Structures are given as structure tokens and as C-alpha cells.
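Undergrad: The structure follows.
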Amino acid sequence: MFRRILIANRGEIALRITRACKELGIETVAVYSEADRDLLHLRYADETVCIGPAPSSESYLNVPALIAAAEIADVEAIHPGYGFLSENSHFVEVCQSCNIRFIGPPADVIAALGDKVRAKEIARAAGVPDVPGSDGPVKDEAEALAVARQIGYPVLIKAAAGGGGRGMRVAHNDVSLVNGFHAARAEAESAFKDSTVYIEKYIDRPRHVEIQILADQHGNVVHLGERDCSMQRRHQKLVEESPCPVLSDEQRTAMGEAAVRLAKAAGYQSAGTVEFLLDRDGKFYFIEVNARIQVEHPVTEEVTGVDLIREMIRVAAGERLSVTQDDIKVTGHAIEFRINAEDPDAAFKPSPGLIETLIAPAGPGVRWDSHAYQGYRVPPHYDSMVAKLIIHRATRREALATARRALEEMCIEGIATTRSLFLRVLEHSDFINGEIDTGFIDRFFGQQR
Ligand code: ADP
């Protein structure tokens, strides 16, 4: 097992990884930007290193600074968390050349799966159904039009290197297709320095259902059930739950097996997520793999009892998975709410600033993963998530009751948060009945205006 790990991230996930390391008896090295001197996990780390100014490009994405910190602090491994360098195959190669273990999949696996066009090819070859669409990248307007007319409108133009909902455009006709094609390419070029786009059938009101997987270096791959992440705003997740309220046991098994087939075909190692869309007829289609730990991983930890961060660290050190597929049982129902420093009543405008009051919810069935504390100032430079409220109860109905109670207890003053949105959503019959799709939030706000 590793003696010392550097955590190349910030916020709640850096704290989450610190906690896992402590429990494994591993020392931690925390890195931070000049805007992040107050991060909670710095207090628990064995060593802290400032890696640069506030902008991520000069700190959390600064490979030379991170490697220098890792070498000076003499760590054996780096955990990247999510975002930042977590799916950057170049960074993985640099770690490898410096003899530092990257806690995640191998560089070539990240590179292959990070290209969504290649990921779809791997899926197809493994017999995993993907969303019908173009056969690979679409090069020009004429090809885009031909593909779109052939699969039929509406279609979605997507960036091959895409993430975070960027570089994606819906087109309902030839005119919006041509505009969307150029807009998606420009956005992809500026966000990912890669303008490659492809086209998919736009699935009508789907649910987003994803499978958590774990794989070790010895060829063992397991899946840990699904998470339903249909509650999204602009293709960004807000609430995630497990099990998915509408999935049958047969669908669950089929999806889980498909995810494992894909992971094996890709030579996957570490924790990862295979994402699918579930259409209104119950058919599922692969969309992409997230080759890293995800924000919503606690939902799966709660229902399976498997500590995913611990498993990631263990398998990176060469150990075998501590569970087999037969060991994995889903118990009860878990839901996560992303508490973001955003104002839902002002078009989700970011609301950084000083947290004057913070009362975290607690009590039976409540888990609070957060780096926030009273007196903490949320910096404006990074992702707006300040906490994850995770509920685990015997049934979905009980989980919703506990969620209401916990959100009512929770008090954050000084900044706006998404709490008020969730309290309203919890009163909505479609959510209560588990009858939502990825357009729910956008329609909900459409109605309220
Ligand atoms: P990103 O990597 O940017 O997050 P994804 O491919 O994971 O992009 O898709 C994000 C979300 O966009 C999905 O959860 C879903 O809401 C929507 N989406 C993606 N592909 C389709 C599709 N073909 N039809 C309908 N919605 C889609």
C-alpha cells in the first residue's frame, strides 16, 4: 500500500480523499492555490503546498507545479479527484515518467474513452448499444446535413472531446443544424482545443441512468448498480439517486453487464462510470464513459456499502478488488442533492462570498460531504458546489421525507444556494412519483416564470 499520496484537487473531493487516506493509514499532501488557503482539508493534511495563483490554469491544471510538489513532498501516488487533470492522459503519462502512480485508469484507456467517438466504437464492438448517429466524426456542413436527414430530426451535435454539457447543440431542421454545427465546433475548439464533432439522434425526454464500475489490475471488473441522474439543468446534474425508480431487474442486469463488457473491452482499471440514456420505451443507449470518480459516487457508496475511493486507492496500489459481483447488494434508497452557490431565482447566477452562518443537517440517514464551514469564503474562481447532501433510507418514500427534513434543517446564510430549488422540487408530484426526465428542471423553471 502507498505511504503518501498527493491530492491534486480542492473542495469537497479533496476532503473526501483525505478522509479515505486517513482511514487507510496513508499520509496526505494537500495542494492549494493562492485563493484556497482556507480549504478545510489543508487542516488535516500531513503537508500542504501552494501550487500557484487562483486561476486553475496556473494552479490545479499546472502540471509542472504539481509534479514539483509531488517530488518535493516525496509521494508515491497522486489522486486527481474529478475535473481538473482527472481525465488528462498527458498528465497520466507525465506521472508515469516520474515514477508516480496515477490513481485512475492507464493513459491510453483515458485517451480512448475521452474521445467520445472512439468510446462509441469500443461500445459497439463490445455489443453495447449506443445512440444511433453518425459513423464517426462529421467533417463538414454537407456531411452533417446528410447524416441528420438520414437519422431524422431532432438530432444532437456533440463534441468528441466534450464534457460538462459544452459543445452540444440540438437541431430540429436543416437551418438549425447548419448553425448548430458551426456553433458546436467553435465551442469545442475553444473549450477543448479540438473541434471534432459528431451527430446523434436526439432522444425524446430520456432518463440519464449510469452504471458505476470498479476494476483492478488483475482483470476483475464489477458493477455496483445504477444512478439515475435525470434531474439536470442544461445537461448538468443536480440530483442523483439509486436505484433508478423505473428500472426493472432485467434492465438493471442488462445495463450492468453491458457496462462490464465495455470496461473489459477498454482494458479499464480503477473506478469509472458508464453513462446511458433510457428512452420512453425502456431501451437504453450508451453515451459516454467518465474515466474517473464522479461527484455522485456517494449515492452508490450508501446503497452498496462499498467505499469507492478506498477501492480506487487499493487497486492503484496493485491490490485486488475487495468485492466480487456476488458480494454487491443494493440496500435501500439513496439520493444526493448538489448544494451549489448559485441563485436558482436569478438564472442560477453564481453566488460566491462569505458563509456567515452554516448549520449542516445531520441525524439518521443523512450524510454531508462538504468543505464548507461558517466563516468560509467561497472563492469565485472554481466550480460552485459547496456541499453534497446525501440521504440513505430503506425506501425512496422515506428517503424523500428525510431529504425534506434535512433540507429544512440546513441553513446557509451569506450566499444563495440551490437549497430552495430542492425544497420546491420535493413538492412536485412528478419527482415524488419518480416520473422525471432530463428536461424536468428546464420545464419546471419555464412554468414558474
Ligand atoms: P457531457 O460529457 O458534456 O456531460 P454527455 O454525453 O454525458 O455530455 O451528455 C450529458 C447530457 O446531455 C445527458 O445526461 C443528457 O441529458 C443529454 N444528452 C446527451 N446525449 C443525448 C441524446 N442523444 N439525446 C438526448 N439527450 C442527450
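Undergrad: Measure out, as a whole number of angstrom, how far apart the alpha-carbon centroids of region 326-345 and region 309-325 sit.
TA: Between the Cα centres of region 326-345 and region 309-325 lies a distance of 23 Å.
Undergrad: Please work out the Cα center distance from region 28-46 to region 107-176, rounded to the nearest Å.
TA: Cα centres, region 28-46 to region 107-176: 39 Å.
Undergrad: Taking the Cα centre of the chain as the origin, how large is its charge dipole in debye, to the nearest 20, when only Lys and Arg (+1) and Asp and Glu (-1) carry charge on their Cβ atoms? The partial results should precede the final answer.
TA: Numbers: 51 positive and 65 negative charges, 79 e Å.
Its charge dipole is roughly 380 debye.
Undergrad: Relative contact order (percent) for region 1-111, with alpha-carbon contacts under 8 angstrom and 6 or more residues of separation?
TA: The normalised contact order for region 1-111 reaches 26 percent.
Undergrad: Explain nothing, just the number: relative contact order of the chain, from Cα pairs under 8 Å at least 6 residues apart, as a whole percent.
TA: The normalised contact order for the chain reaches 14 percent.
Undergrad: Rounded to the nearest 20 Debye, what is the dipole magnitude of region 4-103 about its Cα centre when Lys and Arg each give +1 and Asp and Glu each give -1 at the C-beta?
TA: 240 debye
Undergrad: Pick out which of T357, T18, T304 has the largest mean-square fluctuation in a Gaussian network model of the chain, springs linking Cα atoms closer than 10 Å.
TA: T357
Undergrad: Which of K22/K388; K22/K120; K201/K329; K201/K388 have a Cα-Cα distance over 27 Å?
TA: Where the Cα-Cα span goes over 27 Å, the pairs concerned are K22/K120; K201/K329; K201/K388.
Undergrad: Once a ≥ b ≥ c are taken as the square roots of the eigenvalues of the Cα gyration tensor of the chain, is the result rounded (a/c under 1.5), prolate (a/b larger than b/c) or oblate (a/b not larger than b/c)?
TA: Judged from the Cα gyration tensor, the chain comes out rounded (a/c under 1.5).
Undergrad: Between A20, V63, I7, whose Cα lies farthest towards the positive end of the dipole of region 4-103 when Lys and Arg beta carbons carry +1 and Asp and Glu beta carbons carry -1, centred on the Cα centre?
TA: After comparing all options, I get A20.
Undergrad: Compute the Cα gyration tensor for region 132-201, then decide on rounded, prolate or oblate, letting a ≥ b ≥ c be the square roots of its eigenvalues: rounded whenever a/c is under 1.5, prolate when a/b is larger than b/c in the other cases, and oblate in all that remain.
TA: Here region 132-201 falls in the prolate category.
Undergrad: Return the single residue from L358, L40, L85 with maximal mean-square fluctuation; model: Gaussian network over the chain, springs between Cα atoms under 10 Å.
TA: Between L358, L40, L85, it is L358 that shows the largest mean-square fluctuation.
Undergrad: Using the 10 angstrom Cβ neighbour count as an exposure proxy, how do S242, S97, S420 rank, fewest first?
TA: With the fewest neighbours first, S242, S97, S420 line up as S97, S420, S242.
Undergrad: Highest mean first, how do 273-283, 28-38 rank when packing is the count of other Cβ atoms within 10 Å averaged over residues?
TA: 28-38, 273-283
Undergrad: Right, next: Run the helix sum for the chain: -39,500 (n - 2.57) per DSSP H stretch of 4+ residues, divided by residue count, reported at 222 nm to the nearest 500 deg cm²/dmol. All intermediate terms of the calculation are to be shown ahead of the outcome.
TA: Details: 14 runs with 150 residues, N = 449.
Dividing the helical sum by the residues of the chain leaves -10000 deg cm²/dmol.
Undergrad: Trypsin sites (Lys or Arg not before Pro) within region 109-172: which are DSSP loop residues with at most 11 other Cβ atoms inside 10 Å? Kindly include the intermediate steps, with their values, before the conclusion.
TA: Working: sites: K116, R118, K120, R124, K139, R149, K158, R166, R169; in loops: K139, R166.
Sites meeting the loop and neighbour criteria: K139.
Undergrad: Would you mind classifying region 324-449 by shape? Square roots of the alpha carbon gyration tensor eigenvalues, ordered a ≥ b ≥ c; an a/c under 1.5 is rounded, otherwise it is prolate if a/b is larger than b/c and oblate if not.
TA: It comes out oblate by the Cα gyration axes.
Undergrad: What percentages, rounded to whole numbers, describe P(r) for region 207-448 computed over all alpha carbon pairs with 10 Å bin width beginning at zero?
TA: For region 207-448, the pair-distance distribution reads 7, 31, 35, 21, 6, 0.
Undergrad: So if R0 is 25 Å, what FRET efficiency would N433 and H235 give, r being the distance between their Cβ atoms, rounded to the nearest 0.05?
TA: Once the sixth-power term is evaluated, E becomes 0.60.
Undergrad: If one computes the Cα centroid of region 251-299 and of region 184-221, what distance in Å separates the two points?
TA: Each part reduced to its Cα centre gives a spacing of 11 Å.
Undergrad: Let me spell out the model: positive unit charges on the Cβ of Lys and Arg, negative unit charges on the Cβ of Asp and Glu, origin at the Cα centre of region 207-448. What dipole size does that give, in debye rounded to 20?
TA: Working: 28 positive and 37 negative charges, 40 e Å.
Rounded to the nearest 20 debye, it is 180 debye.
Any read-out appearing in this document is the output of simple, stated calculations on the displayed coordinates, not a laboratory observation. Predicted model only: the values in this text are computed from it and were never measured. Cβ atoms come from the backbone with ideal geometry, glycine included; neighbour counts cover every protein chain shown.
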